[in-house]
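The values are calculated or read from the model by the stated rules, or taken from the named source; none is laboratory data. As the structure is a prediction and not an experimental result, all values here were calculated from the model. All Cβ positions, glycine included, derive from the backbone under ideal geometry; neighbour counts span all protein chains shown.
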């Protein structure tokens, strides 16, 4: 029987790793993710988990060691955040290019400067072009589930791409919630053992991995990563189905909440989705036709699901905890690509919110709705809006 | 391949080849010789990791490979970490690492990839005690990017970013003693070696395979292209480097230093013999040569003292 325990999201991520049975874990401490490898160390120390744990001297080496381990043919896992993920940057490309299905748990945290340890998504969003799949959890249960799902999708032969699972710093990482821990046998059935046919570094079958690719070949290799990411859409749906059958919890690329008759839809990722649902309930009581949507999968971008959602709204407001300087938030820019050639599309607005751990309050959300309402009646509003800025200190 | 009987008598190198002809090294490349010896000793029971360096190219572009052994290409500064990950994976899979019939996990990186950008990962590899071998092939500059100075470049050398010029802008720092940094970690085994002395090198490779824990070999590998030297002088240069005590051969094991023959038993040869064969030193003044010569002798005296005290 599945066991229910009250735990922090970091612990839930460690539990997911324990259940997934990676053979190699390599990690380096960083706030707010430190507890993930810490908990894994405890599991190993207590004989509850059997993995080689490499206590590396940097995140760059953490991902490099995972790359080495995965290339040698075993399941590998790490956890990091913020500067740590940024330090991994170049090796993330290598992991994807070599088709190594590593999974990273990310305690989503802002990037310096100024130094700040609190939540936003700038870390993983900034890695959107590395060829890694990206999942975002709303709560601790989702973090555990999505790590298992991420391994399953990543190791699928139609995909073979690494994946990161993000959960908000402190809001989730350090917050306790009840979490259902699935049975090991069921997880074993679900995941199986990782037996790669393409990456194994075995002297019995010598291969070269990652050789120099001339201009005559490089583009084709990159194209196969593109194809794999395209294939991932279908595989993710299949794995969501299988996960529901095995564990009883259903996931969607984009999960909608009271969107059917909504004029304004607020879309976000991560823990903010919970706040939005409460806020939508409140506004519905006031008679506002509003809905919410949570994007669980950011890479591959859920293009069809996003278009279907957009069809329902007159104003689609994207609330995102990241900024791509010089254009907009990253999700908004992606959404533009998705909707640009659609005949019917809503007014698309971007709201930069909650950077560096700034609380997102109902007051902030009211401001989002006010701007959206103005757009709804044809008033000109800014496309990119920074919400909750303290103008008095600017 | 069977060799004629009279050749067999003279050769003590294993006849088998796992580093094939058709690789893309420059003429006279010391690194290519080194790779050949490593694969002769370990056979294909080796997993190689190569970061960005000349050997990335030498190994051959896709879909070619000169290696009859698994080979993993990685980012410049990651060798130490990647071989740690591979070793952990092999252990987790229950594979035998090292020993007579075990797998040898080898990192093969240049001096820039080791002494500079890869130093942190190397330190981690040594400190954590991974059961593998890290070989730094030392050609004393960033050769693959086109001859830029590394911290392993000697005093007085010309490189493309120490070009001499009107202001006599040459390398002004002594060669970094990477092996001393390695030994500070008290590794299982550390040694210097030279492509001019393959039997010494191969003995050290064999030893590294029998010793549990991290090993490190700094292999002196002349680069005629970068040193502006004739391509048929590689062995002579590598030999002179040892005979002048510019690059003495020694081993470190269990806290003990041992200077290996053919390092000089009496007075080292004059450094000028080594210098005059190389265009990279042609801008050096007499005073410059004196500075380098004094550095060589003082380092040599220090090494001899270490061998005496910790012998």
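Numbers below:
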item	result
Failed item, numbered, when residue A:116 is tested on (1) away from chain B (no Cβ under 14 Å); (2) under 16 Å from the mean Cα position of the chain (by Cα); (3) not in a helix (DSSP H, G or I)	(2)
Test: residue in the range A:40-54 that is in a helix (DSSP H, G or I), assigned by TED's automatic domain parsing to the domain that holds residue A:195, under 20 Å from the mean Cα position of the chain (by Cα) and buried (at least 24 other Cβ atoms within 10 Å of the Cβ)	no
In the range B:179-194, residue surrounded by the most Cβ atoms within 10 Å (Cβ to Cβ) [restricted to those that are on the phi < 0 side of the Ramachandran plot and out of contact with any strand residue (DSSP E or B) (no Cβ under 7 Å at 6 or more places or on another chain)]	B:185
Any hit, the range B:142-149, residues being away from chain A (no Cβ under 11 Å), part of a strand (DSSP E or B), modelled with pLDDT of 95 or more and surrounded by fewer than 19 Cβ atoms within 10 Å (Cβ to Cβ)	yes
Unique residue being more than 10 Å from every other protein chain (Cβ to nearest Cβ) and surrounded by 22 or more Cβ atoms within 10 Å (Cβ to Cβ) when the list is B:38, B:105	B:38
Test set (1) part of a loop (DSSP other than H, G, I, E, B); (2) under 17 Å from the mean Cα position of the chain (by Cα) - residue A:164 fails condition number	(1)
Top-ranked residue of the range A:46-101 - restricted to ones that are free of Cβ contacts under 8 Å to residues at least 24 places away in the same chain and more than 7 Å from chain B (Cβ to nearest Cβ), ranked as farthest from residue B:62 (Cα to Cα)	A:46
Cβ pairs under 8 Å, 6+ apart, first in the range B:286-311 and under 16 Å from residue B:269 (Cβ atoms), second crowded, with 18+ Cβ neighbours inside 10 Å and modelled with pLDDT under 95	none
Restricting the range A:196-207 to residues that are within 14 Å of chain B (Cβ to nearest Cβ) and touching a residue at least 24 places away in the same chain (Cβ under 8 Å), the residue that is farthest from residue A:99 (Cα to Cα)	A:202
Flag for residue B:230 being in contact (Cβ under 8 Å) with a residue 60 or more places away in the chain and within 26 Å of residue B:38 (Cα to Cα)	yes
Test: residue A:36 is within 30 Å of residue B:48 (Cβ to Cβ) and either buried (at least 24 other Cβ atoms within 10 Å of the Cβ) or under 19 Å from the mean Cα position of the chain (by Cα) (or both)	no
Strands (runs of 3 or more DSSP E) within the range A:304-394 that include 3 or more residues crowded, with 21+ Cβ neighbours inside 10 Å and touching a helix residue (DSSP H, G or I) at 6+ places or on another chain (Cβ under 8 Å)	A:315-320, A:347-352
Residues (facing chain A (nearest Cβ under 9 Å) and within 15 Å of the chain's Cα centre (by Cα)) located in the range B:51-79	B:79
Some residue of the range B:266-283 being in contact with a strand residue (DSSP E or B) (Cβ under 7 Å, 6 or more places away or on another chain), surrounded by 14 or more Cβ atoms within 10 Å (Cβ to Cβ) and over 16 Å from residue B:153 (Cα atoms)	no
Flag for residue A:173 being in a loop (DSSP other than H, G, I, E, B), within 14 Å of chain B (Cβ to nearest Cβ) and within 26 Å of residue A:293 (Cα to Cα)	no
